[in-house]
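Below: one structure, written as structure tokens.
The values are calculated or read from the model by the stated rules, or taken from the named source; none is laboratory data. This is a predicted model, so every value here is computed, not measured. Note: ideal-geometry Cβ built from the backbone for every residue, glycine included; neighbour counts use all protein chains shown. Note: accessible area is taken over every heavy atom of the protein model, side chains too, but ligands, DNA and RNA are not part of it. Shrake-Rupley method; radii C 1.70, N 1.55, O 1.52, S 1.80 Å.
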Amino acid sequence: MGTPTKSAVDLERDLLVRALEEAYESIRLLPGVDPNGPAMTWFAEHMWEAYHRERGD
């Protein structure tokens, strides 16, 4: 029996979680920047877009 493939929703969720994790880890190291604020949202969005470009979406 083969390995089940992930749905498009699962793949998108994985990319979003990866983008949020990496953005949070990067932002939290910057003094004076709230890792739960708009800077994290902005950075996570850019990370998510970069992952899509990397995959060729």
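In the context of the full set of protein chains, residues of the chain present 79 Å² of accessible surface per residue (probe radius 1.4 Å, heavy atoms only). Here the chain is assigned +1 on the Cβ of each Lys and Arg and -1 on the Cβ of each Asp and Glu. Its dipole about the Cα centre then comes out at about 80 debye.
In the chain, the portion of solvent-accessible area held by carbon and sulfur atoms comes to 61 percent [1.4 Å probe, whole percent, DNA, RNA and ligands not counted].
When the helices of the chain are scored as -39500 (n - 2.57) per DSSP H run of n ≥ 4 and the total is divided over every residue, the value at 222 nm lands at -23000 deg cm²/dmol. Pairwise Cα distances in the chain exceed 14 Å in 59 percent of cases.
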